[in-house]
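*Asks:* Please find one structure pasted underneath; my questions will follow.
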Amino acid sequence: MSGEVITYREAVRRAIREAIQRDPRVFLMGEDVGRYGGCYAVTKGLLEELGEDRIRDTPLSESAFVGAGIGAAMAGMRPIVEVMTVNFSLLALDQIVNNAATIPHMSGGQFAVPVVIRMATGAGKQLAAQHSHSLEGWYAHVPGLRILAPATIEDARHMLGAALADPNPVLIFEHVMLYNLEGELDPAVSAVDIARARVRRAGRDVTLVSYGGSLGKTLAAAETLAADGIEAEVIDLRVLRPLDMATVEASVARTRRCVIVDEGWRSGSLAAEIGMRLAEGPAFFELDAPLARVCSAEVPIPYAAHMEQAALPQPATIAATARGLVKPA
Amino acid sequence: MNEAEIKALVAEVLGGIAPEADLGTLGDDEDMRLALDLDSMDFLNMVVGLHERTGVDVPEADYPKLFTLAGIVEYFQ
Amino acid sequence: MPSLGADMESAILVEWSVKPGDTLRRGDIIGVVETEKGAIEIEVFEDCVVEELVVAVGTEVKVDGVLARLRGTREAAAPATAPARPAVVPPPAAPPAAAPREPVPRAVPPLPSTRVRASPAARREAKARGIALDGLTGSGVYGAVCLADVARAAAAAPARKPRGGFDPAAMRRAIGNAMSRSKREIPHYYLTQSISLGAALAWLARENESRPVTERLLPAALLLKATALALARVPALNGFFTDGEFVAGKGIHIGWAVSLRGGGLIAPALHDADRLSLTALMAKLRDLVQRARTGGLRSSEMMDPTITVTSLGERSAEAVLPIIYPPQVAVIGFGSVNERPWVDAGRVAPQPVVVATLGADHRVSDGHRGGQLLAEIDHHLQHPEAL
């Protein structure tokens, strides 16, 4: 590949910079994105580089500034709204679910809402119960929204461009533990799709479906399983709505076993949705073992480090669950 | 596996395909398809049987190497 | 006693597979009879409960004679004697000791009925291979029967001795009777077609490169699928001539002529050959040939062929003019594949060529129809990727 090695954070920064430089309609708005350089330092230096018309600090009011972003989009701009984390997006839920998602439909197509909303999501930094949610699954429930979960440097770099080109609202979920991830950027790739899942590791014994912050753990579990002679196929969903079930079904039809890894709680989760789609389709008849999933424990995410880690999906749990399907008892 | 083991394995696999064949009279370099009247289905079943016992997946391009006992012995050694 | 062939008059019951009180589903084997064509497993045609086994083992029974009394049921009733169940396996083991928590322990729920616990894939595989799930030990999750268990059972099956091989003299008589009747009653007409297999064999070689040996395709699978698809377009050649008129077959069930070692020929049905993928068709073909040779064929396979296809194989004549097997109305033959000069776009080049022949009943079809069928087969073989 011989590409540059950069962090996920840097990849997102470059994506934002490129989008703003290319299209005068694009600007970024959010809490602490300008003078502070972003809560996760994603936009560090961009205010100085691009100016305060394009990098806009907002008041501490999610409902207001997400609403403003939606309005700007309806008026012909291409805003990138940064909500600090999915936890705070709850204060803008009405804007996102009742306005962004529905206005194109309710206006009979008279208004488009080409807004992109970026949010950090997930747990692992000991930010405790109110600041550690993984609610992308909730958003994936809502028609009218496209939900993205970049898990690689390449997707972090290029999904934003595709999202801005989409005439409908797109939500991008960046897992907090991925910002420091380092990886090589392939210079030959200049764009990615925001429609399909990707097989990140081929295998024949069991399919592991994952996304976002759980992808790395799932790949690590696959390595552990390989030492046991179990070859796991790992799928990175990339897009949580609409789900690319074709890729998942084709894989499960071959491996006949499936484990879905989802950092949300299992009740009413995205994992539940994926499992049901497998069970209600022809893939059901290919199964040689029950469907399985690894999700966060059904508790508010703990503050203490060892308890937080115990509550979240981990490579060992993922591997054990997969092993339980391939070599039961 | 050594030569004797491989020949015993071939005898076992062919036992389910051409039970009346006497491998003792089959020359090492004789084309067994002619000698034992094996058609392409029989030959494929033999290759599958050898695969199931040894784990070796034989690509189609290698089939001619398995037409004789000597060829099979060399391939699986 | 069902009629398992054009000229069958009677058969001997050699084995019962059930006892009174047993519950059977449609397709289950009830017993084995010995015919001139060897031992055939008899299937029941609807869900039922066995009431009485009328005939004793060893008795010769005429076609249409009573073998057993069955009581039809809409759904399976609880059998009088419950078959043995595999032992329930405890939930998966806990993960290695580390900070992460164990997977949610799964209590094994009690079975709500007498159904065997089996994965969907295992259930389908067992049905395709004619293996009963009862009595299989399950090694899957929740103690369910899984694919590996079915594969193990299937691998163990051929070890059983073929029950009752066939008597070559009796089989020769049966073939003679059927063929004589055919020649007497059916006004045959014949058409031949030379078909270039260059595209098909090249595609096959490429396809087989990426297939594991257990899924490799033989050219026979291509010929069969092409014929089946062609018949779907020319249904006038797929069916029976009975009571003076043509009755269309209710599906395309190709009787594949299998030569038996020791001399003998049998043509059991590959059901719904037009609907099978090449992989599935090849697997069924291998299974069918295996069981034809070891004596494990089923009554439906003897009764259902709507047409017969015979292929001469490698070291044989160029073309075959086969005889229709009554009451079918057509028969298709394929000769050996040979390199021949072939003209394409004004140039002559060697191609692997097979001669396909159609023998058909002139009371039901004429050359125009027959020619259509051969043209369709040719067309399909020029587009192997669409098979």
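*Asks:* Starting from the Cα gyration tensor of the stretch A:21-92, take the square roots of the eigenvalues, sort them a ≥ b ≥ c, and report rounded, prolate or oblate (rounded when a/c is under 1.5, otherwise prolate if a/b is larger than b/c, else oblate). If you can, show how the numbers build up before the last one.
*Replies:* Details: a/c = 2.12, a/b = 1.08, b/c = 1.97.
Since a/c reaches 1.5 but b/c is at least a/b, the shape of the stretch A:21-92 is classed as oblate.
*Asks:* Under 15 Å between alpha carbons, and skipping anything fewer than 8 positions from B:Lys65 in its own chain: which aspartates and glutamates qualify?
*Replies:* B:Lys65 reaches B:Asp28, B:Asp29, B:Glu30, B:Asp31, B:Asp57, B:Glu74.
*Asks:* Dipole of the stretch C:168-386 (Lys/Arg Cβ +1, Asp/Glu Cβ -1, origin at the Cα centre): which of C:His379, C:Val289, C:Leu223 lies farthest to the positive side?
*Replies:* Of the candidates, C:Val289 comes out farthest on the positive side.
*Asks:* Also, quick follow-up: Can you tell me the length gained on complete extension of the stretch A:Ala305 to A:Val199, counting 0.36 nm per residue apart and subtracting the Cα distance?
*Replies:* Numbers: separation 106, 0.36 × 106 = 38.16 nm, distance 3.19 nm.
Residue separation times 0.36 nm, minus the Cα-Cα distance, leaves 35.0 nm.
*Asks:* With a cut-off of at most 16 other beta carbons within 10 Å, and DSSP calling the residue loop, which trypsin sites (Lys or Arg not before Pro) in the stretch C:171-255 qualify? Please list them.
*Replies:* Numbers: sites: C:Arg172, C:Arg173, C:Arg181, C:Lys183, C:Arg184, C:Arg206, C:Arg216, C:Lys225, C:Arg233, C:Lys250; in loops: C:Arg216, C:Lys250.
The qualifying sites are C:Lys250.
*Asks:* What distance in nm separates the simple spin-label points at A:Asp94 and C:Arg315, each placed 7 Å from Cα in the Cβ direction?
*Replies:* Distance between the two pseudo-spin positions: 8.7 nm.
*Asks:* Which whole number gives the average count of other chain Cβ atoms within 10 Å of the Cβ atoms across peptide A:286-298? List each step's numbers first, then the result.
*Replies:* Details: counts 5, 6, 15, 9, 6, 0, 5, 2, 3, 1, 0, 2, 1.
So the per-residue partner count for this stretch is 4.
*Asks:* Highest mean first, how do C:126-133, C:335-342 rank when packing is the count of other Cβ atoms within 10 Å averaged over residues? Please list the in-between numbers first.
*Replies:* Values: C:126-133: 17.6, C:335-342: 15.2.
Per-residue mean Cβ counts within 10 Å order the peptides as C:126-133, C:335-342.
*Asks:* Something else now. Check which residues have an amide H placed less than 5 Å from A:Glu174's amide H, if you skip close sequence neighbours.
*Replies:* Excluding prolines and chain starts, which carry no amide H, the hits are A:Met119, A:Ala120, A:Thr121.
*Asks:* Something else about it: Just to be sure I understand the model, the point goes 7 Å from the Cα along the line to the Cβ. What's the resulting A:Lys44 to C:His383 distance in nm?
*Replies:* 6.1
*Asks:* Taking the Cα centre of the stretch A:198-326 as origin, work out the dipole magnitude from +1 charges on Lys and Arg Cβ and -1 charges on Asp and Glu Cβ, in debye rounded to 20. It would help to have the intermediate numbers written out before the result.
*Replies:* Values: 14 positive and 16 negative charges, 33 e Å.
Taking the Cα centre of the stretch A:198-326 as origin, the dipole is about 160 debye.
*Asks:* For C:Thr59, which sequence-distant residues (separation of 5 or more, or a different chain) have an amide H within less than 5 Å of its own amide H, given hydrogens modelled in the peptide plane?
*Replies:* C:Leu13
*Asks:* Could you tell me the calculated FRET efficiency between C:Ser210 and A:Tyr36, based on Cβ-Cβ distance and R0 = 45 angstrom, to the nearest 0.05? Don't skip to the end; give the middle numbers.
*Replies:* Values: r = 55 Å, r/R0 = 1.22.
Calculated value: 0.25.
*Asks:* Let me ask something else about it. Test of the criteria: in the stretch A:80-178, which chymotrypsin sites (Phe, Trp or Tyr not before Pro) are in a DSSP loop and have at most 15 other Cβ atoms within 10 angstrom of their Cβ? Present the calculation step by step, with values, prior to reporting the outcome.
*Replies:* Values: sites: A:Phe88, A:Phe111, A:Trp138, A:Tyr139, A:Phe173; in loops: A:Phe111.
Loop-located and lightly packed - A:Phe111.
*Asks:* Can you list residues from other chains, or at least 5 along the same chain, whose modelled amide H is less than 5 Å from the amide H of C:Gly255?
*Replies:* Correct list: C:Leu270, C:Thr306, C:Ile307, C:Thr308, C:Val309.
*Asks:* Please give the Cα centre distance for the stretch C:309-338 versus the stretch A:25-77, rounded to the nearest Å.
*Replies:* So the separation of the two Cα centres works out to 77 Å.
*Asks:* Still on this structure, I have one more. Normalised by the number of residues in chain A, what is the relative contact order in percent for Cα pairs under 8 Å and 6+ residues apart? Spell out each step's value before the answer.
*Replies:* Working: 715 pairs, mean separation 53.8, N = 329.
With pairs under 8 Å counted, the relative contact order is 16 percent.
*Asks:* Could you line up A:Ser210, A:Ser296 from fewest to most neighbouring Cβ atoms inside 10 Å? Walk me through the intermediate numbers first.
*Replies:* Details: A:Ser210 28, A:Ser296 22.
By the 10 Å Cβ count, ascending: A:Ser296, A:Ser210.
*Asks:* Which ³J(HN,Hα) values in Hz, rounded to whole numbers, follow from the phi angles of the stretch A:25-36 under the Karplus curve 6.51 cos²θ - 1.76 cosθ + 1.60, where θ = phi - 60° and Gly and Pro get x?
*Replies:* Result, ordered by residue: 7, 8, 8, 10, 9, x, 6, 6, 7, x, 5, 7 Hz.
*Asks:* Oh, and also: Kindly provide the helix-only [θ] at 222 nm of the protein assembly as shown, computed as the sum of -39,500 (n - 2.57) over DSSP H runs of four or more divided by all residues, to the nearest 500 deg cm²/dmol? Write down the numbers at each step before the final one.
*Replies:* On the way: 24 runs with 254 residues, N = 793.
Using -39500 (n - 2.57) per qualifying helix, the result is -9500 deg cm²/dmol.
*Asks:* From the phi of every residue in the stretch A:226-232, what ³J(HN,Hα) in whole Hz does the Karplus formula 6.51 cos²θ - 1.76 cosθ + 1.60 yield, where θ is phi - 60° and glycine or proline is x?
*Replies:* 4, 5, 8, x, 9, 9, 9
*Asks:* Apply the Karplus parameterisation 6.51 cos²θ - 1.76 cosθ + 1.60, with θ equal to phi minus 60°, to every residue of the stretch C:367-378 and state each ³J(HN,Hα) to the nearest whole Hz, in sequence, with x for glycine and proline.
*Replies:* With the stated coefficients, the stretch C:367-378 comes to x, 4, 4, x, x, 4, 4, 5, 5, 5, 4, 4 Hz.
*Asks:* What distance in nm separates the simple spin-label points at C:Thr59 and B:Asp31, each placed 7 Å from Cα in the Cβ direction?
*Replies:* So the label points at C:Thr59 and B:Asp31 sit 5.4 nm apart.
*Asks:* To the nearest 20 debye, what is the magnitude of the charge dipole of chain C about its Cα centre, counting +1 on the Cβ of each Lys and Arg and -1 on the Cβ of each Asp and Glu? Intermediate results must be reported in sequence, preceding the final value.
*Replies:* Working: 44 positive and 41 negative charges, 188 e Å.
So the dipole magnitude of chain C works out to roughly 900 debye.
*Asks:* At 0.36 nm per residue, and after removing the present C-alpha to C-alpha distance, how many nm does the segment from C:Ala202 to C:Ala156 gain when stretched out fully? Write out the running numbers ahead of the final one.
*Replies:* On the way: separation 46, 0.36 × 46 = 16.56 nm, distance 3.61 nm.
Length difference between fully extended and current span is 12.9 nm.
Since every read-out is calculated from the coordinates, none of them should be taken as a lab result. The structure presented is a predicted model; accordingly, all values stated were derived computationally and were not measured. With ideal geometry, Cβ positions are generated from the backbone for all residues, glycine too; neighbour counts draw on all protein chains shown.
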